[in-house]
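Below is one structure, written out as structure tokens; the observations come after it.
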Amino acid sequence: MQAFTYQVPTSVADAKAAAGRGAKLMAGGQSLLPSMRLGLSEPSAVADLSAVPGLKGITVSGGTVRIGAMTTHAEVAASPDVAKAIPALSHLAAHIGDRQVRNRGTLGGSLANADPAACYPAAVLGLGATVHTDRRDIAADDFFKDLYTTALAEDEVITAVSFPVPEKAGWQKFKQPASRFSLVGVFVSKGPKGVRVAVTGAASCAFRATSLESRLASNYSAAALAGATVPSEGLSTDLHGSAQYRAALIPVLAARAVG
């Protein structure tokens, strides 16, 4: 790992200023630090967000679950408020990575990194959440752009995410056993934002399976997905599975998520 300066900003403004000077913002470090060890990321400075106040916490009000960007996966999984309002989100958080990752990794860090196989992007897209930053609100449908690419500007800081409470929701992940990342993961919901089916692990970034949404919109049941298919064009092929394999998994996992 190359030499770098370590900074600890104590406000969002300080964090933005550090990023503007070229520092890489770090939340839990579960994505950034491994990439630095492998030489895939070589920032000259790292700005640790752990001392910035106001970025942690969970509130439920008015049919919305709002989670601070620096809230860890373990905190989301352990929250009785989240478990009551959106059980599928609690279940998802409880099965991210391993205990170390869940105790250090954060919601905001996962979204900002936008790993193509990360779990949280599917929940954000599948629930029609809103990503709040220091300067604006970004709808889930506008947030994920491409491989490790989001709508965020270089010096933009995620502050929280608001999830509308759905009528029904489910999450299913077919995990890669070594990394516990999603080979394919599917989040399905029916709620204020309509019927949504979001997929992670199958392409360069999370996306919505609109053909499955159309089926579920008229009949929200596993039976509605019998015989459903998803095109393999544009999906990922790697040593863990082909695009065709991933395409075949998506409707199966969606049906299981619907229950």
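Laboratory data are not the source of any read-out in this text; all were calculated from the coordinates shown. Every value quoted in this text rests on a predicted model; they were computed, and no experiment measured them. Please note: Cβ atoms are built from the backbone with ideal geometry, for glycine as well, and neighbour counts cover all protein chains shown.
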Ranked by Cβ crowding within 10 angstrom, fewest neighbours first, how are Lys84, Lys175 ordered?
Lys84, Lys175
State, in angstrom, two size descriptors of segment 134-217 derived from its alpha carbons: Rg to one decimal place and Dmax to the nearest whole number.
14.3, 40
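Return the inverse of the average 1/r over all pairs of distinct C-alpha atoms in segment 55-196, which is the Kirkwood hydrodynamic radius, in Å to one decimal.
14.8 Å
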Could you tell me which GluC sites (Glu not before Pro) in segment 118-200 are loop residues by DSSP with no more than 16 other beta carbons within 10 angstrom of their beta carbon?
Glu154, Glu167
Using only the Cα atoms of segment 1-127, build the gyration tensor, take square roots of its eigenvalues as a ≥ b ≥ c, and label the shape rounded, prolate or oblate: rounded if a/c is under 1.5, else prolate if a/b is larger than b/c, else oblate.
prolate
Whole number please: convex hull volume per residue of the Cα set in segment 1-51, in Å³?
59 Å³
By a straight-distance test (C-alpha under 12 Å), which aspartates and glutamates pair with Lys16 as possible cross-link partners, with residues fewer than eight away in the same chain excluded?
Asp48, Asp134, Glu154, Asp155, Glu156
Of Ala123, Thr72, Ala223, farthest towards positive along the dipole that unit charges on Lys, Arg, Asp, Glu beta carbons give the chain:
Ala223
In whole Å, what are the Cα extents of the chain along the three principal axes, biggest one first?
55, 44, 30
For segment 93-132 and segment 19-83, what is the centre-to-centre distance using only Cα atoms, to the nearest Å?
10 Å
Considering only His91, His240, His73, give the residue with the highest GNM mean-square fluctuation for the chain, with springs between Cα atoms whenever their separation is below 10 Å.
His240
Report the residue, chosen from Leu225, Leu92, Leu40, that carries the largest GNM mean-square fluctuation when the chain is represented by alpha-carbon nodes joined by springs under 10 Å.
Leu40
